[in-house]
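The values are calculated or read from the model by the stated rules, or taken from the named source; none is laboratory data. The structure presented is a predicted model; accordingly, all values stated were derived computationally and were not measured. Ideal geometry is used to build each Cβ from the backbone, glycine not excepted, and the neighbour counts take in all protein chains shown.
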Amino acid sequence: MAKYVAQRLLLSIPTLIGLTLVVFFVLRVVIPIDAVDLKFASAGVSDPEKAKELREELGITGPLAVQYLRWAGRLVSGDFGKSFYTGRTVAEELILRVPTSLEVGLGALLITIVIAIPVGILSAVKQDSFADYISRGGAILFYAIPGFWIATLILVFSSLWFNWAPPTEYHDLWVDPWANLKQVALPIVLLGLSPIGTLIRLVRTQVLEIIRQDYVRTARAKGLPSRTVYTRHVLRNSLLPIVTVIGLQVPNLVAGTVIFEQVFVLPGVGRYLLDAVQRLDLFVLMATNLFFGTLIVMANLAVDVSYGFIDPRVRLN
Amino acid sequence: MASESNAPSAAALGYAPRVQRTGATGALFGLGRFARRKPLGFAGLVFLAVIGFGAVFAPLLTSYGYADTDFTARLNGPSAAHYFGTDNLGRDLFSRVLYGARVSLGISFAAVLLAKVIATTVALFTGYYGGWIDKVGQRFVDLAIALPRLIILITLIGLMGPSVSTMIILVGLTNAPSSVRLIRSAVVSVREEPYIEAARALGATDRRIILQHLLPNIFHIVMFSATVTLGAVILIVASLGFLGYGVPPPQPDLGAMLSGTGLTYMRQNPWMAVWPGTVITLVVFAFNVLGDALRDVLDPRLRGSR
């Protein structure tokens, strides 16, 4: 098992390197605007000397390959650069913001799993019943409804009917956990709802397939309580594709986190990114893009590793 | 389809010969059969046809332009004059939703078309030739799938400035990799079919085999994946608009109509918040039920996979 995990870890390194290449390429080659020029233009000054100095200081001069290696070298030592505008280091900001984004994203993932797996199993066990139709219809509906629309509706109607508006001041989880939970509960639930549909449908089809297997009949025949049959024999055997699909939902959750941080004014990495896009804050953009990409790579890694736990055949191969 | 012409004739197998209907009548009968077998999917198709019609013929269906302001009729609810009401500038919401659907759906369609052309080309090429080309291609696809799509789109569109063509190209490019695997697996299985071997034995060139034999036989997979991707891409385009990176105003954008300055006025006229979201939801819903139905009809073995 340790060998399998180590192997997967090593395999994610080229993906991470690829990710840095893509981020660098997008921000330094595809974008036609120069960040330093923009900074000077927005301040209303034109000083080629100073601009050149700043570029030297930031390490964005010379051939692109050299620039990339310089940037990557700093990344390895934990130096993400500085914001052009606030002057604070990106690392400092990330330490403050990452917990908020992770809280929302992981919370939503938890909501999805906790709701979708039981509902999917129920839907399969009671196939073609009323409950099944409701859950299947609901599943597609949840997929189709844009979460940000529900958020907008809730904001509009709760202010209209209950005169309620989300707090604009952010409460830190470690300082005031209760106030923080009240604040993030709504975004977490709304974000968790959209992947539910995909997952319910998958769990249902998987379970439907497994239920018909001989070993399930055997398990029943030897008198196991149906609870044990479902958790130990049915769910365990249908887990592989379910875990795969949960992994595939992570990019959507990441995107949703950005949207909901904006809607509910939460100071996470997503808002940091959106603010940085407005003024081409180069190093912030590079770091935040990299952060979200790394999250997805990590999620894929977690999925791969869990394959090894779920199915012994995988780790022996 | 080529596979049908290669199959032994029904009569030879002792079955009653099937009436071959071609052209318009054939399509109509096919549609009728689809409606009977998959009523929900058919309902989705009909709804999409209606919305598509509304989007294409928007100028004929409404007498108000999407940017026509009328300050005597601000923030009105639905009425005979304004079916969906009006917004804070007195613009007709029905027109704005129709034109918004026109823009959002137009961008999504074009982006998905681009994405599928790229994905199919890559899949045909790597799947058919196999070997190291395939291996390298697969590694690239793995990397591309691990990218945070919406984040990269926000970054790129935010910095390059939103325009219809930028959005089509960027949304199309970022959505291409996700279906390469599905289409490639279809290519790989078709590649092993006897009729491909037969074509090769007859001396057909790779180019001919790929275009004349492989492509027609995986085309239904491409269509199915396009239907599903369309739903997802419409949501992406709406999210971009919502975050302020949609088509520039005064062009209406279904996502952008739900945020920005409109947000402050929605308390006074909640209909402003209701219509655009309803249309997005119904369109995505329709594409999904249609996609499901198509998958079941076209290939029952694919049931349950995405």
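Is there a residue in the range A:185-203 that is under 19 Å from the mean Cα position of the chain (by Cα), part of a helix (DSSP H, G or I) and modelled with pLDDT under 85?
yes
Pick from the range B:258-270 the residues that are surrounded by 18 or more Cβ atoms within 10 Å (Cβ to Cβ) and outside any loop (DSSP other than H, G, I, E, B): which of them is nearest to the other protein chains (Cβ to nearest Cβ)?
B:Leu258
Considering only the range A:155-162, I want to know if a residue exists there that is in contact with a Lys or Arg (Cβ under 6 Å, 6 or more places away or on another chain), under 21 Å from A:Tyr230 (Cα atoms) and part of a helix (DSSP H, G or I).
Looking through the range A:155-162, none of the residues is in contact with a Lys or Arg (Cβ under 6 Å, 6 or more places away or on another chain), under 21 Å from A:Tyr230 (Cα atoms) and part of a helix (DSSP H, G or I).
Filter the range A:133-173 down to the residues that are touching a residue at least 40 places away in the same chain (Cβ under 8 Å) and away from chain B (no Cβ under 11 Å), then identify the one that is nearest to B:Gly291 (Cα to Cα).
Step by step, filter the range A:133-173, then rank; the result is A:Gly138.
(1) part of a helix (DSSP H, G or I); (2) modelled with pLDDT under 85: which one isn't true of B:Ser108, the others all being true?
(2)
Scan the range A:288-316 for residues that are over 18 Å from the mean Cα position of the chain (by Cα) and either closer than 15 Å to B:Pro148 by Cβ or buried (at least 23 other Cβ atoms within 10 Å of the Cβ) (or both) and report the count.
0
Condition first: closer than 20 Å to B:Ile280 by Cβ and buried (at least 21 other Cβ atoms within 10 Å of the Cβ). Now tell me which residues in the range B:69-85 satisfy that.
Listed by number, the residues that qualify are B:Phe84, B:Gly85.
Could you go through the range B:234-253 and let me know if any residue there is more than 11 Å from chain A (Cβ to nearest Cβ) and either over 18 Å from B:Arg96 (Cα atoms) or under 17 Å from the mean Cα position of the chain (by Cα) (or both).
Within the range B:234-253 (the criterion being more than 11 Å from chain A (Cβ to nearest Cβ) and either over 18 Å from B:Arg96 (Cα atoms) or under 17 Å from the mean Cα position of the chain (by Cα) (or both)), the answer is no, since none of the residues qualifies.
Out of everything in the range A:278-287 that is in contact (Cβ under 8 Å) with a residue 60 or more places away in the chain and at the interface with chain B (Cβ under 9 Å from one of its Cβ atoms), what residue ends up being surrounded by the most Cβ atoms within 10 Å (Cβ to Cβ)?
Once the filter is applied, the top-ranked residue is A:Leu285.
From A:Asp47, A:Asp37, which residue is surrounded by fewer than 15 Cβ atoms within 10 Å (Cβ to Cβ), charged (D, E, K, R) and within 14 Å of chain B (Cβ to nearest Cβ)?
From the options A:Asp47, A:Asp37, the qualifying one is A:Asp37.
Is one or more of the residues making up the range A:235-244 facing chain B (nearest Cβ under 9 Å), aliphatic (A, V, I, L, M) and within 29 Å of A:Ala151 (Cα to Cα)?
So far as the range A:235-244 goes, no, none of its residues is facing chain B (nearest Cβ under 9 Å), aliphatic (A, V, I, L, M) and within 29 Å of A:Ala151 (Cα to Cα).
Tally the residues that are surrounded by fewer than 17 Cβ atoms within 10 Å (Cβ to Cβ), within 14 Å of chain A (Cβ to nearest Cβ) and not basic (Lys, Arg), restricting the search to the range B:93-141.
Summing the residues that are surrounded by fewer than 17 Cβ atoms within 10 Å (Cβ to Cβ), within 14 Å of chain A (Cβ to nearest Cβ) and not basic (Lys, Arg) in the range B:93-141 gives 3.
Return yes or no: is A:Glu169 acidic (Asp, Glu) and surrounded by 15 or more Cβ atoms within 10 Å (Cβ to Cβ)?
no
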